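Report on the structure given below.
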Amino acid sequence: MKREDFEPDDLQGMLIAYLDNQLVGQEKKDFEDLLSRHEDLQADLEIYKITSSKLTELFDMDGVETPLSVEQKIRQASAFGESVLQSSQTPETERAIFEPSEKIASFAAAKEKRSRFFSFQGITQMAAALALGVIIGPSLMGQFNSSDDTQYREALKLRGTVGLPDVKDNSPVAIDRPLDLMRLSSKINKDGISVTKSAPTINSLRDEGPSTLTVGDKIYINFYSIRDGKITIKYEGFNKAGDLKVSDVLAEGASRSKIVDQNVLADKLSLDQNLIVSKFEVPKVDNLRIIVDLVIGDTETITYKKSFKVD
Amino acid sequence: MLALMQKSVHIRVMIVSITDEVVAIYPKLRVLALSKTKNLSDAEDIVQDVMAKVWENPTKIEQAITELGTSTEAYLKRAVINRFIDLKRYGKRFKDDEDFAEKLEESVVSDPTRRGLLLRDFLKHLTKIGDGCRELLIERGMGLKQAELAEARNLTQSAVNKQIAKCLKQLHERSGGIFHEA
């Protein structure tokens with residue numbers, strides 16, 4: 001092997017191949033022979049060796065641990081993944097037992113076969129699934145009443161960005177698609193309401209949103225529902241003395257068929273649905289309060305309020 | 001019924017094992033994604049997309065890992081890189097975080113000793129070399145093999161080796177060989 005037979009770049013590449021034990025047999029011996037005759041190549045090899053080992057040390061990331069909050073989310077998603085997978089094993093058994101079969105000759109035989117379905121293991125599985133449901137909580141499980149794979153995929157995401165449908169200014173839209181619930185709920189669960197100045201993708205919801213608004217700002221009001229209920233969104237504007245100057249209803253429950261109409265919503269907002277009023281213009285007041293009434297059943301009403309200072 | 005029980009136990013063992021590995025490897029996946037996107041939010045999105053895939057069908061992932069003869073860690077690292085490539089292909093644009101270097105530093109080094117400070121310094125230089133070199137060297141530092149680096153870049157292994165040599169030299173020159181003297 002002669003140095004002149006190679007381009008300088010090729011030789012440098014071969015140094016890396018040698019360092020990473022990619023050269024074997026005669027080729028390796030020949031290259032070592034070449035190396036022994038050229039000190040500059042030995043020096044380059046030393047540079048590559050030390051720099052590479054530092055990179056390995058650096059990205060071994062010794063002592064860097066997953067934050068507890070992230071670990072909890074991972075374990076939660078994993079528990080859900082397991083429950084889906086475990087339950088996917090059951091239907092086949094169920095079908096085999098309950099589907100009409102000519103092999104079942106008598107009622108007694110059918111009864112015996114059915115009784116096997118309710119075995120100790122079956123009950124254990126059901127209990128485990130129930131326990132998981134309790135641990136994971138209604139906000140997550142609420143998403144999985146359908147067996148649609150896409151829905152599973154969406155909800156298992158810990159983060160994501162959701163585009164908004166094309167809506168007219170100031171018209172509320174209920175998003176049926178499960179959003180990135182863990183992140184979303186962690187941001188706006190407290191009072192259910194958040195405000196953003198741009199379309200409320202998950203990224204923009206990462207910030208808590210402004211606490212001060214400016215007259216004429218076109219804001220998005222987001223409401224994240226943790227219960228099923230009829231909804232009304234309204235606002236109230238006050239002057240410095242605290243006198244009510246302006247108020248209006250932005251959205252209230254109505255027929256689902258009119259969902260795209262101005263200021264009209266589905267009659268009920270479901271658990272984990274996210275409702276967005278787009279481009280609401282901040283009126284000329286000193287303080288603005290956004291109020292959401294969520295009427296659950298015939299008697300219970302939860303009122304969410306969020307106040308903003310207006311410049 | 002026994003088969004069902006065995007399957008159930010197998011699923012449990014598999015999920016626990018994958019979960020533990022995912023928890024352990026999360027910081028590395030995040031850094032790997034960050035090194036490519038230069039944007040922490042996008043990096044987290046990529047990692048979480050990959051995780052969503054894992055929980056969507058862990059059996060399939062386990063099968064793929066066995067078939068490829070690789071480890072969960074290597075598989076997930078590849079998945080992160082592939083997700084990044086997919087997003088780029090779909091036209092996704094990544095906006096650099098202004099404090100990308102600091103974010104990377106915070107994510108990578110936790111050691112407060114002199115050695116840690118030297119590593120931080122070394123990392124700073126790494127963030128200042130070009131995007132191509134930074135990505136390549138971080139992936140190499142994370143243990144990805146030449147074949148994987150080559151495949152992700154549509155290059156031959158010898159072309160990747162040449163590029164690695166060029167980038168290592170660049171990093172060495174920029175860092176003033178701090179570790180040679182240390």
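Rule-based calculations on the coordinates, nothing more; no lab input. Please read all numbers here as calculations on a predicted model, not as lab measurements. Note: ideal-geometry Cβ built from the backbone for every residue, glycine included; neighbour counts use all protein chains shown.
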Fully extended contour minus Cα-Cα distance, from B:S110 to B:D86, at 0.36 nm per residue: 5.5 nm
Nitroxide proxy distance, nm - points 7 Å out along Cα→Cβ at B:A147 and A:I302: 5.4 nm
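Scanning chain B for helices, which whole DSSP H stretches are 20 Å or more long along the axis (Cα) and average -1.0 or more by Kyte-Doolittle?
Values: long enough: B:2-37 (48 Å, 0.84); B:40-56 (24 Å, -0.01); B:72-89 (25 Å, -0.37); B:114-128 (22 Å, -0.49); B:157-175 (26 Å, -0.85).
Qualifying helices, which must be both long enough and hydrophobic enough, are B:2-37, B:40-56, B:72-89, B:114-128, B:157-175.
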Viscosity 1.306 mPa s, temperature 10 °C, Stokes-Einstein D of the range B:115-177 from Kirkwood C-alpha radius, µm²/s: 132 µm²/s
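List the pairs from B:K53/B:K103; A:K49/B:K169; B:K92/B:K162; A:K230/A:K305; B:K38/B:K103; B:K28/B:K169 whose alpha-carbon separation is above 18 Å, in the order I gave them.
Details: B:K53/B:K103 26 Å; A:K49/B:K169 11 Å; B:K92/B:K162 29 Å; A:K230/A:K305 16 Å; B:K38/B:K103 9 Å; B:K28/B:K169 24 Å.
Flagged as over cut-off: B:K53/B:K103; B:K92/B:K162; B:K28/B:K169.
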Rg and Dmax of chain B, Cα atoms only, in Å: 18.5, 67
Averaged over B:165-172, number of beta-carbon atoms from partner chains that fall within 10 Å: 6
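Could you calculate the FRET efficiency of A:D9 with A:E65 from 1/(1 + (r/R0)^6), where r is the beta carbon distance between them and R0 is 35 Å, rounded to 0.05?
Numbers: r = 41 Å, r/R0 = 1.17.
Once rounded, the FRET efficiency stands at 0.30.
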Rg/Rg_ref, the range B:1-40, where Rg_ref = 2.2 N^0.38 Å and atoms are Cα: 1.83
Residues B:L136, B:L2, A:L45, sorted so that the one with the fewest Cβ neighbours within 10 Å comes first: B:L2, A:L45, B:L136
Of B:K88/B:K145; A:K73/A:K306; B:K124/B:K166, those spanning more than 20 Å from alpha-carbon to alpha-carbon: B:K88/B:K145; A:K73/A:K306
From phi via Karplus (6.51, -1.76, 1.60), per-residue ³J(HN,Hα) for the range A:280-295 in Hz, x at Gly/Pro: 6, 8, 5, x, 7, 9, 9, 9, 10, 10, 9, 10, 10, 9, 10, 9
